[in-house]
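Note sheet for the following structure.
The values are calculated or read from the model by the stated rules, or taken from the named source; none is laboratory data. Because the structure is predicted, anything quoted here is derived from the model rather than measured. Because the Cβ atoms are built from the backbone with ideal geometry, glycine has one as well, and the counts that use them run over all protein chains shown. For accessibility, only protein heavy atoms count, side chains too; no ligands or nucleic acids. Shrake-Rupley method; radii C 1.70, N 1.55, O 1.52, S 1.80 Å.
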Amino acid sequence: MVKQVAIIGGGIIGATAAFYLSYLQGNENVQVTLFDDDHGQATKAASGIISPWLSKRRNKRWYALAKRGAELYSDLVKAAQLSDKAYQQTGTIVTRKNHEDLLSLYHDAQIKQQQTPAMGHVELLDADAVQKKMPLLTNPPEGIFVSGGARIDGADFVKELLEHAEANNVQVKHERVSVLPNGDVRSSEGTQTFDHVIVATGAWMHETLAPLGLNVKVRPQKGQLIDLTVAMPSKWRNMPVMMPESMSDIIPFNGGKLVIGATHENDEGFDLTPKPAARNQLFENAKAFISTLSESQITDMRVGTRAYTGDFAPFFGALPDLSSFLVGGGLGSSGLTTGPIIGYFLAQAVLGNHSDDWSRYTKPVSSYIG
Ligand SMILES: Cc1cc2nc3c(=O)[nH]c(=O)nc-3n(C[C@H](O)[C@H](O)[C@H](O)COP(=O)(O)OP(=O)(O)OC[C@H]3O[C@@H](n4cnc5c(N)ncnc54)[C@H](O)[C@@H]3O)c2cc1C
């Protein structure tokens, strides 16, 4: 019998789950409908970096999940035939303000690299060598280059995954739906009972699950970034992305788009208004490394709402008292790295192939939803 599956939320988790449900073996037994109202979506607002290996975070589950997430990308990109616009492995440059800290990080990176093939190779670069790799920088810092790092454009990534899923029998409906107290889903077409429901509604998950009498402990955080257009000769193609310590990331795309981001506002709730102060702060951060930039090159400002848990860790799994409901969320500021692997795990669970030990990657769902 064909199982009916609903995915609520079409950000990076929902879109990846939809893709895998249209791709993995066993998918002939499921009919998938994805609902997304595309309001404030963090994924579409984000351009980001996939390079978790040198993070300062000490949460072991988070690191195991982020490492696995970064590893998944090469398979996912091939399977979904994603374009260079959506994802490209350009390498990343990580900096430290203090030279001794950089050397210590380089030492750690060399050890990690030996057990982590996805990191590629690791190089310690002086400022001139950084400038060679990123010729648009006028004031390059010293840094560590990690060749396995990548950049992603969230909007293109989701668009391409969903196009692939739709071509393989997933229905995508652009609307807000609600969950009813008995677990049915109400959409503009009426009320439907699904065999499985994947809830991936990001910062809105509390609202989604409240009708089930559940309290989801996630809070919204506003994130803003700016896009600039700069002259980039074709020989500058495939420049790495830079993660300067305590400053905004610098993310060049082929063709002249330069993204600077992102901000983290904890006191603005679900507000999606671009703020001049954030724009100025991002621009000044970029100017510290590229003095030739002018404000007239800013072409866009994007705003999205991230979801944070109390311990800043993502979570995923089945609801304790309603196992037909699978949830994934709380991705915070590293969701582009951890989102796809969560989408993959949830899709595998729907298909009955849940073989991984999820406790290596997340605390139980009951730690976040009660
Ligand atoms: C400016 C910015 C920069 C970022 N940079 C990075 C970065 O460099 N690296 C990184 O790893 N991460 C980054 N992030 C974080 C990352 O984008 C998020 O953690 C991740 O995309 C969240 O994905 P999600 O699928 O959980 O939620 P979302 O992408 O927010 O998707 C949830 C979707 O559910 C929909 N929805 C909610 N309720 C309903 C309903 N009832 N019915 C239908 N649809 C509903 C929403 O409209 C939304 O479209 C950034 C985020 C922002 C905002």
(request) First select every other residue whose beta carbon is under 13 angstrom from the beta carbon of T273; then total the charges, Lys and Arg +1, Asp and Glu -1. (result) +1
(request) Treat every Asp and Glu Cβ in the chain as -1 and every Lys and Arg Cβ as +1, leave all other atoms uncharged, and give the resulting dipole magnitude about the Cα centre to the nearest 20 debye. (result) 580
(request) Calculate, for S246 and L24, the FRET efficiency according to 1/(1 + (r/R0)^6) with r their C-beta to C-beta distance and R0 51 Å; round to the nearest 0.05. (result) 0.80
(request) Compute the distance in nm between two label points, each set 7 Å from the Cα along the Cα-to-Cβ direction, one at R219 and one at E175. (result) 3.5
(request) Keeping the other protein chains in place, figure out the carbon and sulfur percent of the accessible area of region 197-253, with a 1.4 Å probe. (result) 54
(request) Report the equivalent ellipsoid semi-axes for region 218-370 in whole Å, largest first, defined as the square roots of five times the eigenvalues of the gyration tensor built from alpha carbon atoms. (result) 36, 19, 12
(request) Please identify which residues in region 115-149 have an amide N closer than 20 Å to a label point set 7 Å out from the Cα of H107, following the Cα→Cβ vector. (result) 115-116, 122-126, 142-146
(message) Just to check I understand the Karplus step: with θ = phi - 60° and J = 6.51 cos²θ - 1.76 cosθ + 1.60, what whole-Hz values come out for region 357-370, glycine and proline as x?
(response) 8, 5, 5, 5, 10, 8, 5, x, 4, 5, 6, 10, 10, x
(message) How long are the semi-axes of the equivalent ellipsoid of region 25-138, taking √(5λ) for every eigenvalue λ of the Cα gyration tensor, in whole Å from largest down?
(response) 33, 19, 15
(message) Taking 20 °C and 1.002 mPa s as the conditions, I'd like the Stokes-Einstein D for the chain in µm²/s, using the Kirkwood hydrodynamic radius from alpha carbon pairs.
(response) 102
(request) Could you let me know the centre-to-centre spacing of region 16-89 and region 112-157, using Cα atoms, in angstrom? (result) 21
(message) Restricting everything to alpha-carbon atoms, can you work out Rg to Rh for region 205-298 with a Kirkwood hydrodynamic radius?
(response) 1.13
(message) Once R0 is set to 45 Å, what does the formula 1/(1 + (r/R0)^6) return for the Cβ-Cβ distance between V2 and S367, expressed as a FRET efficiency to the nearest 0.05?
(response) 0.85
(request) Find out how many positive minus negative residues lie around Y361, taking Lys and Arg as positive, Asp and Glu as negative, among other residues whose Cβ is under 12 Å from that of Y361. (result) +4
(request) With a 1.4 Å probe and every protein chain left in place, work out the accessible area per residue of region 295-370 in Å², rounded to a whole number. (result) 36
(message) So with the 1.4 Å probe, I'd like the accessible area per residue for region 1-140, rounded to whole Å².
(response) 46
(message) Give me a comma-separated list of calculated 3J(HN,Hα) values for region 109-125, in order, Karplus coefficients 6.51, -1.76, 1.60 applied at θ = phi - 60°, integers in Hz, x for any Gly or Pro.
(response) 5, 5, 5, 4, 4, 5, 9, 9, x, 5, 5, x, 9, 10, 10, 8, 10
